[in-house]
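Here the structure comes first, spelled out in structure tokens, and everything after it is commentary.
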Amino acid sequence: MDHLSMQNPVLATYVIAAALMVLKVMGQGWMTVYRMLKSNSGLASPEDLRPGLINRAPDPSQLALNDYVDRSRRMHRNDLENIPAFWVAGFLFVLIDPALWLAQTLLYGFVIARLAHFWAYATAQSHEIRATFYTVGSLIVIYMAAHTLVVALT
Amino acid sequence: MDHLSMQNPVLATYVIAAALMVLKVMGQGWMTVYRMLKSNSGLASPEDLRPGLINRAPDPSQLALNDYVDRSRRMHRNDLENIPAFWVAGFLFVLIDPALWLAQTLLYGFVIARLAHFWAYATAQSHEIRATFYTVGSLIVIYMAAHTLVVALT
Amino acid sequence: MDHLSMQNPVLATYVIAAALMVLKVMGQGWMTVYRMLKSNSGLASPEDLRPGLINRAPDPSQLALNDYVDRSRRMHRNDLENIPAFWVAGFLFVLIDPALWLAQTLLYGFVIARLAHFWAYATAQSHEIRATFYTVGSLIVIYMAAHTLVVALT
């Protein structure tokens, strides 16, 4: 069986986890848009102060940093620091043909850790709680890359 | 036919679109470098104030935010929020073997939307115009991920 | 031989280089965490000022920008501007079946250039030295994408 065929349950697991993380990252962009429109602030470019459909009553203070909007941007940055590395580490891991239970644990474990991190960040839980979910996700990516490296080098 | 062979026209479409987006992202880095050198400002690190080939007459004001340079950095950030997710969603989409016309529409559509977004951002078009191109690109990525997920789960 | 099998030495080269870069990016996140804990500053969210295991004696000044911590964040941002594009360009390059010596030179060359960039940035070397390593890495990614594009289009 071709390990890059959807018949391979390890690849199918990867495809599901990776697609869910695509939706997570893209959704984070829309959360920023929603918060920007709702609070009418946190704009990023000078031209956004021109009157228009998005901004009917512009005011220079709209360019100031706003934690409600910036929180979503920080969550997005944290995603970008973790999820692309997950996409690649997960794919490399599929290439070395791991046990299905291990792939499912790691790939779905990452998805759950990042959703929990999303919840902790969006609701401003304590640094300790947010850091715990970050750590679980990060260690999963590091484990998959290190495991792949060991197999590739031996 | 192997769906991950260049003989597969869906994969060839993906390879062309993904490679164009690699050049786009890397080019954005060089646009920042160009603007930094041309305006002699927008430097990011204290050590960049040491005299040298890049900076013959250093001045502390060079570390201040400069919209000409920062605009290119914001464009880059927007790229990073969209293009890596496109690379992955497009690849997952190839794995589920979609119709060629659909793959071409979505993959080349994304490339065109992002080039239009580049133009709108670089020339400071209104927020509405920039947001329109952002939305087209974003919906294409979301569609590919959701379509892949439905196929993988059924 | 299947070009996406680990028996293909070009793919094995890619897997090693890509996995090393995963460890580099994830390690950069931990370098930020380490510097944040060591200097007790550079926190990013208001809720990080709540007393807890990570922060026993909170002070509002901990939210101010701190170059020691921010340097690691800038290095991370620079990674994100280069490494995901490398992961994709390298993979596309494998798909067009390049000569092994060329693949090894480019893929391992990128890894070495980014490790040198890490050293130059972490130790605050001159802008010229940092820019040189950035340029080598960037040109390798651009070359792989352009080469792939030429092959895919002809």
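The numbers here are math on the coordinates, done by the rules we state, and not lab data. Because the structure is predicted, anything quoted here is derived from the model rather than measured. Note that each Cβ is placed from the backbone with ideal geometry, even for glycine, and that neighbours are counted across all protein chains shown.
Ignoring aspartates and glutamates fewer than eight residues from A:LYS38 along the same chain, the ones with Cα atoms less than 18 angstrom from its Cα are A:ASP48, A:ASP59, A:ASP67, A:ASP70, B:GLU128.
Rg and Dmax, both from the Cα atoms of region C:2-153 and both in Å, are 19.1, 61. Label-point distances for C:ILE112 to the equivalent site in the other copies, using a point 7 angstrom along Cα→C-beta, read 4.4, 4.4 nm when ranked shortest first. For B:ASP67, the point set 7 Å out from Cα toward Cβ sits 2.8, 2.8 nm from its twins in the other copies, listed from shortest up.
For the peptide A:21-33, the mean number of other protein chain Cβ atoms found within 10 angstrom of a residue's Cβ is 5.
Nearest to the axis that brings chain B onto chain C is this chain B residue, judged by its Cβ, with the distance in whole Å: B:PRO84, 3. Relative to the longest principal axis of the Cα atoms of chain A, the long axis of helix A:100-122 lies at roughly 20 degrees.
Overall shape of the protein assembly as shown was characterised from the C-alpha gyration tensor. The equivalent ellipsoid obtained from it has semi-axes of 33, 25, 25 Å, in decreasing order. Placing a label point 7 Å from Cα along the Cα-to-Cβ direction at A:MET6 gives distances to the equivalent points in the other copies of 2.6, 2.6 nm, listed shortest first. Look at the alpha carbon pairs under 8 Å that are at least 6 residues apart: their mean separation over the length of chain B gives a relative contact order of 27 percent. With Cα atoms defining each centre, region A:89-154 and region B:117-134 are spaced 36 Å apart in the structure. Counting every other Cβ atom within 10 Å of each residue's Cβ, C:SER5, B:SER61 order from fewest to most as B:SER61, C:SER5. Once the Cα atoms are used to define both axes, helix C:127-153 deviates from the longest principal axis of chain C by about 40 degrees.
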